[in-house]
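Structure, as structure tokens:
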Amino acid sequence: MKTNEERLNEMLAHLDRLSHIKASQIPEIPLYMDQVTTFMEEHLKNFKRSEEDKVLTKTMINNYAKNNLLPPPDKKKYSKEHMLLLIFIYYYKNLLSISDIETLLAPVTEKHFQASSPVSLEDIYTQVFALRDEQKKRLVEDMDQKFQAAKATFPDAPEDEREFLQLFAFISELAFDVYLKKLVIESLVDQLREERSPKDKKRR
């Protein structure tokens, strides 16, 4: 059985291997749906929990379009802007409801999806994911601090139980952190929803 230190080191090594799709990696030419799903599967496969999981399917894409998360394709082809939105959706869907994602992406799509926008969707994507790279570094430090705190728990527990109890404490600490951040995100999205004008709501 692995020690908790071995679990942490494996997890950190896995995180280190994860990298987001750079805007420059996305084809400039429009893609058909099969090409979109193939591209996403290839570039995001390391984020999957198991081999059987699908990063993106045709059904998912159609549902995103039906729920106003994604503008309709042009002649069944998806532009680079479509791809950028799909990547945002991929990350958001693990935390937020479809309604919340729609609220968050609506202003971005309305003002920045078109190539004529002063601030392009690619600009937004590049700057946001630059922040993500910095966050990844801070995450490693934060996880180590949480691990060390959990390691100090249950000092009087029997030795054959202590390892699990400390792992349980570490997982619980991580879960509580995610839960609080999710509450903050949902609160901010609720504020955005309330601030949208009746005209915007009607148009959507």
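Observations on the model:
- Extension gain, Glu52 to Glu195: 0.36 nm times the residue separation minus the Cα-Cα distance gives 47.4 nm.
- 20 Å tail of the calculated P(r), the chain, as % of Cα pairs: 66
- In the range 1-83, the trypsin sites (Lys or Arg not before Pro) that fall in loop regions by DSSP, at most 14 other Cβ within 10 Å: Lys2, Lys22, Lys48, Arg49, Lys54, Lys75, Lys76
- Rounded to the nearest Hz, the phi-derived 3J(HN,Hα) couplings of the range 126-136 under the Karplus curve 6.51 cos²θ - 1.76 cosθ + 1.60 (θ = phi - 60°) are 5, 6, 5, 6, 5, 5, 4, 4, 5, 4, 4, where x marks glycine and proline.
- Loop-exposed GluC sites (Glu not before Pro) per DSSP, neighbour cap 14 Cβ within 10 angstrom, longest uninterrupted part of the chain: 53-204
- Entry comment: accessible area of the range 1-115 is 59 Å² per residue, from protein heavy atoms only and a probe of 1.4 Å.
- Distance between the pseudo-spin-label points of Leu131 and Lys45 (7 Å out from Cα toward the beta carbon): 3.1 nm.
- Two-site label geometry, Asn63 and Phe176: point separation in nm, points 7 Å out along Cα→Cβ: 3.3
- Mean sequence separation of contacting Cα pairs (under 8 Å, at least six apart), scaled by the length of the chain, corresponds to a relative contact order of 19 percent.
- Per residue, in Å², the accessible surface of the range 117-166 once ligands and nucleic acids are set aside, probe 1.4 Å: 70
- The label point for Met1 and the one for Asp123, both projected 7 Å from the Cα toward the Cβ, are 5.6 nm apart.
- Under 12 Å from the Asn94 label point (7 Å along Cα→beta-carbon), backbone N, the range 1-42: 15, 18-20
- For the chain, the longest principal axis of the alpha carbon atoms and the long axis of helix 80-92 meet at an angle near 30°.
- Heavy atoms of Thr3 accessible to a 1.4 Å probe, total area in Å² rounded to 10: 60
- Among the protein heavy atoms, those of His112 account for about 40 Å² of accessible surface (1.4 Å probe, every chain in place).
- Expressed as a whole percent, the accessible area of the range 66-204 that falls on carbon and sulfur atoms is 58 (1.4 Å probe).
The values are calculated or read from the model by the stated rules, or taken from the named source; none is laboratory data. Since the structure is predicted, the reported quantities are computational estimates derived from the model, not experimental observations. We place every Cβ from the backbone using ideal geometry, glycine too, and count neighbours over all the protein chains shown. Remember, those area values only see protein heavy atoms, side chains included, never the ligands or the DNA or RNA. Shrake-Rupley method; radii C 1.70, N 1.55, O 1.52, S 1.80 Å.
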